[in-house]
Amino acid sequence: MVKISKEAALLYHEQGRPGKIEVIPTKPHHTQTDLSLAYSPGVAFPCLEIQKNPNDVYKYTDKGNLVAVISNGTAVLGLGDIGAMSGKPVMEGKGLLFKIYGGIDVFDIEVDEKDPEKFCEAVEKIAPSFGGINLEDIKAPQCFYIEERLKKSLDIPVMHDDQHGTAIISAAGLKNALEVNGKDISKVRIVVNGAGAAAISCTKLYMSLGAKRENILMLDSKGVITSDRENLTEQKKFFATDRRDVHTLEEAVKGADVFVGLSKGNVLSKDMVRSMADQPIVFALANPTPEISYEDAMDSRPDVLMSTGRSDYPNQINNVIGFPYIFRGALDVNAKAINEEMKLAAVHAIADLAKQPVPDVVNDVYHVNNLTFGPKYFIPKPVDPRLITEVSAAVAKAAIDSGVARNIITDWDAYKKQLRELLGQETKLTQKLYDTARNHPQRVVFAEGIHPTVLKAAVQAKAEGLCYPILLGNDERIKKLAKELELSLSGIEIVNLRHDNQAERRERYAHILADKRARQGYTFEEANDKMFERNYFGMMMVETGEADAFITGLYTKYSNTIKVAKEVIGIRPEYNHFGTMHILNSKKGTYYIADTLINRHPDKDVLIDIAKLSAMTVRFFNDKPNIAMLSYSNFGTDEKGSPVQVHEAVKEMQQQYPDLAIDGEMQVNFAMNKKLRDAKYPFSRLKGLDVNTLVFPNLSSANGSYKLLQALDPDTEIIGPIQMGLNKAIHFTDFECSVRDIVNITAVAVIDAYVEKVKSKIKK
């Protein structure tokens, strides 16, 4: 666990804008008209519509995406009753988690009231503002009464996360842990150490999964809760045992199958764990110090299945796996409550997700090759991007099926797509690329088949239905790597280009290339030698029609790859140069940037080709190009140096293409600010238009710009590099590319190859 100092924590909360959350407008607010629509007089119209139909509040306001995180500060983390105001940093933190994981807006509300009745009255009075209520850090037993009353009096989802969040995640973990060790939940003996809100809720949910009350022992600070004890709360009475032969934790855990700790640190010893049944399950969930450390539990016996609340050990029971997605699903159907059916749906969705192949992004975060369902992984990680789709959809469906939903979802694929877009996991552009590629899958050759990232990308692209992958490389090494990474190579072709069984093919390719490049001094012998190189061999596969697209670049220098592409594939006859483009999907929109990879110091003629290629490529993506040719000067203000080349290129482009929205040279701030540009340079052909295509004056500025934007805003998705101008679908990666990057490029390559096939048929 990362060591956090007091100084670092205080500085984190204090520096810049104090606190962790803010309110951001979602509508235009720059003009007087905007303000009149937002407030008086325009705001009166939605007010009157809501008066006529109260459910329209979800249509015209943020109520349907707004949750109140409410606390009285009586049980703040492990700090106890520190007061409402002192608990505010925690509530702000909860609001931050709601936003980043579920896209949910939060107002944190600290109520200075310990009386349960008065506290409920306060919440009931403000409830019309919200689509849901998240109760937080309220001590037991008052929290039980508060939640039950509010669930009855309010018609919006209410959940005490300290109870049910922990219960849902631990129940999912228990379900899977029992599957790993092959035990039946109805027969296992369970010991629950702790009798607070979380312990009570967890145990009740275990019973909903099939655990038997007679097989459960619950302990509080006085020991095993027995039915003959006086002054028990109703919650404790429910779990009181009639047994009189067990009193201490040491006695209770003997022969037990499951230990669940929701108490305090270091109360479970190694000897106690050794006394448990075969393959015991230990959930030591006290924070920050668990009931037994992970190291001690594993040292006590090798067959223990262990969970803690800590992120630095396997199988973390973390509430963030649940509450953002539970509320997300509930809010999206305008649910009247979060009921038992919805909680159980979340349990099963979380449990099922742990059994699915783990996305590369999760493995990368935890620095492992491949997480696989088993003793070390039976609970999904909090960073798993699939949680929002799987859990939210399951909860929403359960709400509909159980009759508490006001809004009915029918298209679940569209809903999941909406959820991915909400958190920036998927954009409309990438979805369109994937959908198009799936409809027209092509044979794609991956040059570096032995590279783990490429191998994972090829397998994922195959699983997504984007292509028929062909891997170049030593088949034995590739198969060994796939086995290590637990990847299936089903449906994937491997070509060992250097093997004797490829000799005839290499010779055939060599003859074709030598004939093609005879006037450039190529001999058959030279060409045959080159066929042992993956870029030459792979591109010849595409050139001969034995494959449709080729992806390379993780190992090879660009200069070499460019040389090979020119020799084997060639530049389209209508151009003298080729280039690359990156697509940036940002919150401000989609932008196309060129040339980011190929042409280092372009002159006027090169810039003209790049501009033409950019316009063609933007249209390829079904967008209309509005092109700004960039420089450090504006419209001829500098008459020397590189701006002159850009100025002349613009002049010629405007003459050749009078209807094309292209202008320059201009500085990037004028390109990106329509209002500023139109005021200063009203003559521009881009007047009134939002620029979406940026052609840079040289490689350094283009490459540096997109990488700077990538570094400053990791949420901006970057697709590329996308090749522009070669005769066939040859596309490049670089050593920094992730699996997702390569899959995105694969989708582009597939569409590129398909379009070329369509064009060829039309010509014929």
- [ ] May I ask for the angle, rounded to the nearest 10°, between helix 452-463 and the longest principal axis of the chain, with both axes built from Cα atoms and the value confined to 0 to 90°?
- [x] 80
Open item on the list: Testing the spin-label approximation: label points 7 Å from Cα along Cα→Cβ at Val23 and Lys687. State their distance in nm.
Closed with: 4.1
Open item on the list: Suppose we flag GluC sites (Glu not before Pro) only when DSSP calls them loop and at most 13 other Cβ atoms lie within 10 Å. Which is the longest uninterrupted stretch of the chain?
Closed with: 231-485
Task: 0 to 90° range, to nearest 10: angle between helix 534-543 axis and the chain longest Cα axis - done: 70
TODO: Sticking with the crude label model, points 7 Å out along Cα→Cβ, report the distance from Glu14 to Thr61 in nm, one decimal please.
DONE: 3.8
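Given the rule -39500 (n - 2.57) for each run of at least 4 DSSP H residues, summed and divided by the residues of the chain, what is its mean residue ellipticity at 222 nm, to the nearest 500 deg cm²/dmol?
On the way: 31 runs with 338 residues, N = 764.
Counting only the DSSP helices, I get -13500 deg cm²/dmol.
Rounded to the nearest 0.05, what FRET efficiency do Tyr632 and Asp659 give with R0 = 30 Å and r taken as the Cβ-Cβ distance? Could you check? Can you show the working numbers first?
Values: r = 28 Å, r/R0 = 0.95.
Working from the Cβ atoms, E equals 0.60.
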- [ ] Select from segment 511-619 those trypsin sites (Lys or Arg not before Pro) which occupy a DSSP coil region and have at most 14 other Cβ atoms within 10 Å, ordered by residue number.
- [x] Lys557, Lys587, Lys588, Arg600
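Quote the relative contact order of the chain in percent (integer), defining contacts as alpha-carbon pairs under 8 Å separated by 6+ residues. Please list the in-between numbers first.
Values: 1360 pairs, mean separation 65.0, N = 764.
Across the chain, relative contact order equals 9 percent.
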Task: Theoretical FRET efficiency, 1/(1+(r/R0)^6), r = Cβ-Cβ of His440 and Glu648, R0 45 Å, to 0.05 - done: 0.65
- [ ] Give, as a single signed number, the net charge of other residues whose beta carbon lies under 12 Å from the beta carbon of Ile185, with Lys and Arg counted +1 and Asp and Glu -1.
- [x] +2
Open item on the list: Report D for segment 159-237 in µm² per second (integer): Stokes-Einstein, Kirkwood Rh on Cα pairs, 10 °C, 1.306 mPa s.
Closed with: 121
Task: the chain: angle of helix 116-126 to the longest principal axis, Cα-based, in degrees nearest 10 - done: 30
Task: Rounded to whole Hz, the Karplus (6.51, -1.76, 1.60) HN-Hα couplings of segment 584-593, x for glycine and proline - done: 10, 9, 10, 5, 7, x, 9, 10, 10, 10
Open item on the list: How far apart, in nanometres, would the label points at Arg498 and Arg274 be if each is projected 7 angstrom from Cα along the Cα-to-Cβ direction?
Closed with: 5.4
Open item on the list: Using Stokes-Einstein with the Kirkwood hydrodynamic radius over Cα pairs, what translational diffusion coefficient do you get for segment 388-487 at 37 °C and a viscosity of 0.692 mPa s, in µm²/s rounded to a whole number?
Closed with: 203
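If each residue's Cβ is checked for other Cβ atoms within 10 Å, how do Asp115, Asp678 rank with the fewest at the top?
Values: Asp115 11, Asp678 16.
Fewest-to-most Cβ neighbours within 10 Å comes out as Asp115, Asp678.
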- [ ] Just the number, please: Stokes-Einstein D of segment 478-596 in µm²/s, Kirkwood Rh from C-alpha pairs, 20 °C, 1.002 mPa s.
- [x] 128
Open item on the list: Give the lysines reachable from Lys640 as a straight Cα distance under 19 Å; neighbours fewer than 8 places away on the same chain don't count.
Closed with: Lys604, Lys651
Open item on the list: If I histogram all Cα-Cα distances within the chain using bins 20 Å wide from 0, what percent of pairs lands in each bin?
Closed with: 14, 38, 32, 14, 2, 0
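I'd like the chymotrypsin sites (Phe, Trp or Tyr not before Pro) in segment 661-729 restricted to DSSP loop residues with at most 11 other Cβ atoms within 10 Å, sorted by number. Please list the in-between numbers first.
On the way: sites: Phe670, Phe683, Tyr706; in loops: Phe683.
Listed in order of number, the matching sites are Phe683.
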- [ ] With r as the distance between the Cβ atoms of Ala463 and Val758 and R0 = 22 Å, compute the FRET efficiency 1/(1 + (r/R0)^6) and round to 0.05.
- [x] 0.25
TODO: Run down the lysines and flag those whose C-alpha is under 24 Å from the C-alpha of Lys757, throwing out any fewer than 8 positions away in its chain.
DONE: Lys432, Lys462, Lys516, Lys566, Lys612, Lys624, Lys728
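Every read-out reported here was derived from the displayed coordinates using simple, explicitly stated rules and does not represent laboratory data. Keep in mind that what you see is a predicted model, and the values were worked out from it rather than measured. Cβ sites come from the backbone with ideal geometry, for glycine too, and all protein chains shown count toward neighbours.
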